[in-house]
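This report concerns only the one structure given below.
The values are calculated or read from the model by the stated rules, or taken from the named source; none is laboratory data. Nothing here was measured: the structure is a model prediction, and the numbers come from that model. Note that each Cβ is placed from the backbone with ideal geometry, even for glycine, and that neighbours are counted across all protein chains shown.
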2 protein chains.
Amino acid sequence: MESQTKQQGDQLRAKVPALRAETPGCAEVVHFNHAGASLVPQQVLDTVVGHLQREALIGAYEAADEAEQRLARVRGSVARLLNGKPEEVAVVENATRGWDMAFYSLPLQAGDRVLTSMSEYCSNAIAFLQLAQRGVSIEVVPNDDSGQLSVEALAGMIDKKVRLVAVSHMPTNGGLVQPAAAIGKVCREAKVLYLLDACQTAGQVPLDVHAIGCDMLSATSRKYLRGPRGAGFLWVRGDLANKLEPPFLDVHAARWVEADRYEIVPGSARFENWESNIAATLGMGAAVDLALDLGLEAIWEVVQERAEALRTALLTIPGVQVHDLGAVRGGIVSFTLLGWSAEEVQHALHQDSINVTASTPYSARWDMEARGLRGVVRSSVHYLTTDEEIERMRSRVAQLAGR
Amino acid sequence: MESQTKQQGDQLRAKVPALRAETPGCAEVVHFNHAGASLVPQQVLDTVVGHLQREALIGAYEAADEAEQRLARVRGSVARLLNGKPEEVAVVENATRGWDMAFYSLPLQAGDRVLTSMSEYCSNAIAFLQLAQRGVSIEVVPNDDSGQLSVEALAGMIDKKVRLVAVSHMPTNGGLVQPAAAIGKVCREAKVLYLLDACQTAGQVPLDVHAIGCDMLSATSRKYLRGPRGAGFLWVRGDLANKLEPPFLDVHAARWVEADRYEIVPGSARFENWESNIAATLGMGAAVDLALDLGLEAIWEVVQERAEALRTALLTIPGVQVHDLGAVRGGIVSFTLLGWSAEEVQHALHQDSINVTASTPYSARWDMEARGLRGVVRSSVHYLTTDEEIERMRSRVAQLAGR
């Protein structure tokens, strides 16, 4: 099995020169910001631009009618990515709004408990704290020794008042991959709803909602899937979706059947809204199809290897500390450089056309405060990342370290 | 004053050939669907596509950083369009979500009354009915003899329990323009909040939030403003915005300042979310700038005249009935053809590259049922509409009438 994965990875490695040639940004920048927004392939750009041009030529509603079947297939592509069903997929404007539509549709009340992780993403944490003001108890499961969520601690915290476990699969500020399936097992046994934020893992890590055991999963197009901005998706288990009343309803999510009555549509379409960005949705579909075509097992193998290669290279530099936690680590490499703030490193690298971002406590406060981190440089690889790019990053950071 | 407006209109009329030449769709289709989505000008398409290409080349976050000042100016452009302040403007993904963010942030409780119009748009009505299930009383103000909301009836319905007046400025299914400023006067005197859905009027009718007297106003990019899909805006009066807690909060709307505390940002940015479609937002800005440049008084004069010309032409055909209500009528021309359903007319016209839509009771049930209408053909003009296009429409509908 392991050698088979290695073999799949090698097949993908062999395609990387061609994949880079089909990615306009590869010739322009050294991109270590795939966890922010990756570089879109030409075929995704062409899909988006082609639809926009068609809208301009024949009208945007008319172009949507023309693209109806292709649009419907986007849902199918996302379903294949997750091993879910097309009717369980909502195509939404971004991962945050997808996550919101799931989270805020849950009937959480004062006294209910919600369990989450140390490394939770800021936007989710802010939503939790909004419900905390209404009396919902938000509790952070401690990490185990590896720095991932302690599944044992989670199991110990479960009781009848726990209504939801909501976890970011991979944090915004480091390479940690949470033990999603082990968490799912605990949730299933306890019959507690499980919302997985797969914003950073979709397109990077193989995702199988049944193997994971989650009830809801949200993700974005623009990160590891290499799709456009302005598109994302939410998957909700079919029998659950039909029980949830979304916090917002419109003419797409419900039908106005009588003067004083509406009917919510079946399935996850209830989490969508009528006016969507069709071009971005089609672009996301093309990006998902590319990922499926390359194979998620292969992508995951290569991304993990590339990230380890970057960590190894950075660790040769005096003053560099790598901060990624966890037993399993993915494409995000987080580091600090002695004497430099994360923003200063980001700015210096940008002068050399190297794209990274800086993560601050505002983005993952529970984690950053617990570790006493004021900021980390977030450098994220993809299967596109070459040895030359890693060497250019190493060499530039080494220069900064030497100043 | 009237002759001055006529003069402004004539100046715009003189520019129409050039404006059509700069609009790719004008050579391809006979577009009577500006109320669905108008035809974008080349400069708007170039703005959107140019940013998407830049994202592909240097990375999407990096392209957003580069476009930061242009992005900030979009808010300013929208503020000028409405005579509001930039910090009162939220740039959102579409009009429905903008309206939702305002409506669902209001602390409406069982027993509160919400007043709306007969001709309300389906998505708003469905949201009202959702709150009705929580005990909020949704009451429809009757029309006056012209078919517009009766301002006298509205004034008579106001009492201490009325918390909100929410009205669509122009319905989805007809040319009626509601007396927005007269409604605003009643609301101001009664100190009742007033939410105006300007989805169909932004870019068509001059909008001055102070003259109208509304507290909240939402609109989209893609209709009369001629911007791209996937962008819209919400304006909320500054002192009101700061009192409202949005139904969804994320890292852009709030800052995670301590482990258990967030602070909502000041102004209308609280209704936005972090992940937006930058390209579409920039495109909306270009579209608003074009409308401001041409002048809303001029646009409104020409659109009204073009719509009356289409109504006059259609009324020469036996079996055609025009259904637009109101004392003031704008760019939407709604009609029926004896012996034909609205969908059949839409389909037949589409065969001849004439774009219209069909409005059904699902889109405006209170109004359609009251008038016994099963469907109307919605044909909507813009300043781009030529005499030749009107004649082509008239001639084709006359052919259908003769079958």
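Conditions tested, residue by residue: (1) at pLDDT 95 or above; (2) more than 9 Å from every other protein chain (Cβ to nearest Cβ); (3) touching a Phe, Trp or Tyr at 6+ places or on another chain (Cβ under 6 Å).
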position: A:Tyr224; (1), (2), (3): yes, yes, no
position: A:Ala231; (1), (2), (3): yes, no, no
position: A:Leu234; (1), (2), (3): yes, yes, yes
position: A:Asn242; (1), (2), (3): yes, yes, no
position: A:Trp256; (1), (2), (3): yes, no, yes
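Just one of B:Ala63, B:Ala37 is under 16 Å from the mean Cα position of the chain (by Cα) and either within 12 Å of chain A (Cβ to nearest Cβ) or buried (at least 19 other Cβ atoms within 10 Å of the Cβ) (or both); which is it?
Every option except B:Ala37 fails the conditions.
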Tell me, which residue of region A:373-391 that is under 24 Å from A:Leu12 (Cβ atoms) and either modelled with pLDDT under 95 or β-branched (Val, Ile, Thr) (or both) is surrounded by the fewest Cβ atoms within 10 Å (Cβ to Cβ)?
-> A:Thr386
Which one is surrounded by the most Cβ atoms within 10 Å (Cβ to Cβ), of the residues in region B:334-372 that are away from chain A (no Cβ under 14 Å) and of a type in the set (A, V, I, L, M)?
-> B:Val345
Just a yes or no: is a residue in region B:7-25 touching a helix residue (DSSP H, G or I) at 6+ places or on another chain (Cβ under 9 Å) and within 19 Å of B:Thr220 (Cβ to Cβ)?
-> yes
Could you say whether any residue in region B:356-374 is of a type in the set (Gly, Ala, Ser), farther than 28 Å from B:Val40 by Cα, touching a residue at least 40 places away in the same chain (Cβ under 8 Å) and out of contact with any Gly (no Cβ under 7 Å at 6 or more places or on another chain)?
-> yes
Filter pass, A:Glu120 being within 14 Å of chain B (Cβ to nearest Cβ), assigned to a helix (DSSP H, G or I) and surrounded by 18 or more Cβ atoms within 10 Å (Cβ to Cβ) | no
Residues in region B:200-226 that are surrounded by fewer than 24 Cβ atoms within 10 Å (Cβ to Cβ) and among the small types (Gly, Ala, Ser) total 2
Can you find a residue in region A:299-318 that is aromatic (Phe, Trp, Tyr) and under 21 Å from the mean Cα position of the chain (by Cα)?
-> yes
Output the residues belonging to region A:334-367 that are in a helix (DSSP H, G or I), of a type in the set (A, V, I, L, M, F, W, C) and under 25 Å from A:Gln178 (Cα atoms).
-> A:Ala342, A:Trp366
Determine which single condition B:Gly147 fails, assuming it passes every other condition in (1) free of Cβ contacts under 8 Å to residues at least 60 places away in the same chain; (2) surrounded by fewer than 24 Cβ atoms within 10 Å (Cβ to Cβ); (3) away from chain A (no Cβ under 12 Å).
-> (1)
